[in-house]
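Readers should treat all values here as calculations from the given coordinates under stated rules, not as data from a laboratory. Given the structure is predicted, the values throughout are model-derived calculations rather than measurements. No Cβ is skipped: glycine too gets one built from the backbone with ideal geometry, and neighbour counts run over all protein chains shown.
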Amino acid sequence: MKKTTQKQLREFKKSFLHTAERLGLSDYKVYFDFVASDEHYAEIQVNQKGKVATAFLCSRYDSILDPSECGKHEAIHLLLARLRFEAHTRYTNEFDIDQSEEEIVRRLEKVL
């Protein structure tokens with residue numbers, strides 16, 4: 001396995017922030033770090049209520065790793081975070097889910 005470099009983390013962060021900006025996700029505070037994972041190249045943890053996220057890049061990999069693609073991928077997960085939060089909330093209602101969906105649609109309208 002190869003060790004992920006600081007340069008790759010910087011590429012990941014740059015791509016993530018660029019995609020997040022294009023998607024209008026400036027209301028989140030985002031942190032970046034490495035994570036030990038055998039399952040994923042990258043992952044994101046989101047505190048939806050606090051609007052805080054940590055995007056992680058795997059610290060080791062065994063095949064081709066494209067930090068830019070990983071950054072874009074995780075930013076898209078951040079775009080879907082509110083909808084995912086609503087879907088997992090016991091007390092959610094149709095209005096909240098519709099609002100989350102509409103928010104995603106408006107953001108995508110600006111970039112597509």
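Note down the magnitude of the dipole of segment 2-111 about its Cα centre, charges +1 on Lys and Arg C-beta and -1 on Asp and Glu C-beta and zero elsewhere, to the nearest 20 debye. The dipole of segment 2-111 has a size of about 580 debye.
Within the chain, DSSP assigns beta bridges of which about 55% are antiparallel (rounded to the nearest 5). Within the set (i) 36, 36, 26; (ii) 47, 31, 22; (iii) 44, 40, 21, the number that Cα extents along the principal axes in Å takes when calculated for this structure is listed as (ii). Pairs exceeding a 29 Å alpha-carbon distance, out of K14/K51; K7/K49; K51/K72; K2/K49; K49/K110; K2/K110: K7/K49; K2/K49; K2/K110. For V35, the residues whose modelled amide H falls within less than 5 Å of its own, excluding neighbours fewer than 5 places apart on the same chain, are L57, C58, S59.
Note on E86, E43: ascending count of other Cβ atoms within 10 Å places them as E43, E86, the fewest first.
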